[in-house]
Amino acid sequence: MMLIEETQVPDAALPVAALKRHLRLGSGFAEDDVQDAVLGSFLRAALAAIEARTGKALITRGFVWTLNGWRDPEAAVFPVAPVSAVSQLSVVDRFGAAEVIDPARYRLEVDGQAPRLRPQGTALPAIPEGGAAEIRFTAGYGGGFDDLPADLAQAVLLLAAHYYEYRDETALGQGCMPFGVTSLIARYRPMRMGFGA
């Protein structure tokens, strides 16, 4: 399985002004935008870290999901949520020839935790030996930072501020995330249930 972002979060969607207010940085000076680039990079890092921990795409963008086989031919669970649309399903043979599947043969089952690609019939299209399925889809809460749930938006600002304040610190443990951030994102983390979870 491979998941690739086809589009990135645009710079305009990054809440640089909100992070400046959160950090209580001065304004009204001749060079008050001098740190915008570094604040934007901390926001991108915070978004990526929270997306990795929650399995959620925060800002809407396009993805390509490639699979070499279906775990369950009756439903394929998307690797990120929330998914708003499936734009294309293609089956590629071992030689690279792609067949675009008619959208009438599959549907998106919308779910906040585990959206699924389901067949309209009994099974998803067969993937040939050595081939793959490529699913192009759109995922995210919305096109702007204001579209995020309030707790996730606050978590992004807190984590970006943490990265900013400790930007020179090299002794922090791997995977360090402040408690306030982990408590805000806890309800969005995927639950693993069943044998071996």
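In the chain, what percent of the accessible surface is made up of carbon and sulfur (1.4 Å probe, ligands and nucleic acids excluded)?
Exposed carbon and sulfur together represent 51 percent of the surface.
Hey, what's the Kirkwood Rh for segment 1-97 if you take every pair of different alpha carbons, in angstrom?
16.5 Å is the Kirkwood radius here.
Quick one: helix 36-54 against the long Cα principal axis of the chain, what's the angle to the nearest 10°, folded into 0 to 90?
Long axis of 36-54 versus the principal axis of the chain: about 40 degrees.
Whenever you get a sec, line up H22, H162 from highest to lowest accessible area (probe 1.4 Å, protein heavy atoms).
Sorted descending by solvent-accessible area, the residues read H22, H162.
Pick from D11, D168, D72: which residue has the top mean-square fluctuation in a GNM of the chain where Cα pairs under 10 Å get a spring?
Residue with maximal mean-square fluctuation among D11, D168, D72: D168.
Hey, can you grab everything whose amide H is under 5 Å from the amide H of I59? Only 5+ residues off in sequence or another chain; H modelled, so Pro and N-termini drop out.
The list, which skips near neighbours in sequence, is Y141.
Suppose accessible area is computed on protein heavy atoms with a 1.4 Å probe; arrange V38, V83, V16 from highest to lowest.
Ranking V38, V83, V16 by accessible area, largest first, yields V38, V16, V83.
Measuring from label point to label point, each 7 Å out along Cα→Cβ, what is the M191 to R44 span in nm?
It is 3.6 nm.
Project the alpha carbons of segment 62-195 onto their principal axes and report the range along each, largest first, in whole Å.
So the three principal-axis extents are 51, 36, 29 Å.
Relative to 2.2 N^0.38 Å, what does the C-alpha radius of gyration of segment 47-116 come to as a ratio? Two decimals please.
Computed over Cα atoms of segment 47-116, the ratio equals 1.22.
The values are calculated or read from the model by the stated rules, or taken from the named source; none is laboratory data. In this text the structure is predicted, and so the values were computed from the model without any measurement. When we count neighbours, we look across all protein chains shown, and the Cβ atoms used for this are built from the backbone with ideal geometry, even at glycine. Please note that ligands, DNA and RNA were not included when accessible areas were found on the heavy atoms of the full protein model with its side chains. Shrake-Rupley method; radii C 1.70, N 1.55, O 1.52, S 1.80 Å.
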